[in-house]
1. With no solvent and one point per C-alpha, what does the Debye sum give as log10 I(q)/I(0) for segment 301-460 at q = 0.15, 0.16 Å⁻¹?
2. If you find the alpha carbon centre of segment 364-427 and of segment 86-106, how far apart are they in angstrom?
3. Sequence gap at least 6, Cα distance under 8 Å: using those rules, report the relative contact order of the chain to the nearest whole percent.
4. Using the alpha carbons of segment 326-416, what is the convex hull volume per residue in cubic angstrom, as a whole number?
5. Apply the Karplus curve 6.51 cos²θ - 1.76 cosθ + 1.60, θ = phi - 60°, to the phi angles in segment 403-416 and return the couplings in whole Hz, x for Gly and Pro.
6. Within a 10 angstrom radius of the beta carbon, how do GLU361, GLU420 rank from fewest other beta carbons to most?
7. At q = 0.07, 0.13 Å⁻¹, work out log10 I(q)/I(0) for the chain with the Debye formula, treating every Cα as an identical point scatterer and leaving solvent out; two decimals please.
8. Treating each Cα of segment 130-203 as an identical point scatterer and ignoring solvent, apply the Debye formula and state log10 I(q)/I(0) at q = 0.19, 0.25 Å⁻¹.
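Only the coordinates and a few stated rules stand behind these numbers; no lab work does. Fair warning: this is a prediction, and the values are worked out from it, not measured in the lab. Backbone-built Cβ (ideal geometry, glycine too); neighbour counts: all protein chains shown.
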Amino acid sequence: MTMTPFFAVARFLCRRIALGLFAGAALSGSAVLAQSASAQSDPPNILFIAIDDMNDWVGFLGGHPQAITPNMDRLARKGVNFTNAHCVAPACSPSRNALLFGVEPFHSGLYPFYNFDEIHDDVLEHYTSLPQFLKENGYGTYGAGKIHHGSKALESEWSDYHVAEKHELNLKPEAGYQQGNSTKMAFCPTSNPLDEHPDYQVASYGIDVLKRSHDKPFFLAVGIVKPHLAFVCPQEFFDLYPEEIEPPRIKADDHDDIPWAGRAMANINDDFRYRNDDAWNRVRRAYLACISWADYNIGRVLDELERSAYADNTVVVMLSDHGYGMGEKRHFRKFALWEEATRVPFVIWDAREATAPVGREVDQGVSLINVYRTIADYAGLAAPKYVDGVSLAPQVKDPSAQIDYPAITTWGRGNYTVREKQWRYIRYFDGSEELYSHREDPDEWNNQAANPEYASVKKRLAAILPTTEAPLVREGISLWNVVDADQPDLEKTKGKLG
């Protein structure tokens, strides 16, 4: 049955008020984490929540002042909130390939989007995906929704994989915005019952798995698709927001000091369209509504975990595969190397840490490439030798512990950014650069790459970037929309941009 707007608002507000109360009550674990996660006698269950296209417009990251995300906020308060976390690649397919195989794109050659079935076996045979690795080492593995790019159910990976029922969503474009008749480019409410939406069904499957009796530890992967396009969700979640949404800070001449390769990534056609249609406000309201819809479904799963027999022996890992530009730097969507496209929500909560304080944060630059080794560590397993990154279990124990692996984001061969606590450095395939100090310039408006005052900073950050690059894996490419070292007609593209 569909919620009324009042019920939806009441549920969110009650959760927000109760935030502090739940934080203490839910942290009833069996033991405090020892020096490493693998020191636990019994391997924990893993609840892996993967969100699609969610940027920092969530309460616990402060990315937008109107965001309503009480369930994720609650999780962030109980666990460790990595406030400066960044994706491996600012696109679904390469990001998820890197996460699930544990390998950087510049090591694998998997830079763009792929049709998995068309990639040669001799490419993938070197890698063991995270769910397959856990399954082969004694875990029951359960998945639903978007874990790989697309809903894949590979027998080698899953003990059970749920595929949501398909229902045609009834859109209400008059209550939002839609580009022509495109269902993909819709930004509006739906009128369907909640259980006809895929994310609701995915969360329900997660709830069902948590209600079952398990005779071995489990890895439960819940893939929430919203706020991925189309920005559509039940009316109740639009009703949470006022008609007028506060826009992000935007500088009109922001592109004047950006190299042409960076400007090409901005793809300003979207910005032109939304300005001409006076649609930006409706687009942003729809995005926030979808974020709250995702939060609602994540909350349903977290509530069931707290009620379940597994509340005291589960590690929760929640992340988004990449960020999303909502007009900053005249950029919409992902596919860029700036802050909004790379920064992601990322929280780890070890429910076994009974005495851990609430509100722990890590503000070092951290990459999602570390997820594979982190989960392997918690499972008491040695990750495959090829796997990149480090375990973050020490930071969950002690948020001040140094992370000895840089936060590098790759978008196409030759295009990289590295993010530290203060600095973001970008280098494109043609050698052009951007440098921003987040201490003085959190909007990344003033490119300091040519400023001699920061030459030593730029040199130090450039030395972090890869010196060798795997060649592009060409078999199976389904989408290749980035200006990089492998794209033809570079001079033609550069000429169009000036």
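1. Debye output, listed in q order: -0.93, -1.02.
2. 12
3. Contact order relative to length: 27 percent.
4. 131
5. 9, 9, 7, x, 8, 9, 10, 10, 9, x, 4, x, 10, 9
6. Starting with the residue having the fewest Cβ neighbours, the order is GLU361, GLU420.
7. Computed log10 I(q)/I(0) values: -0.35, -1.32.
8. -0.82, -1.09
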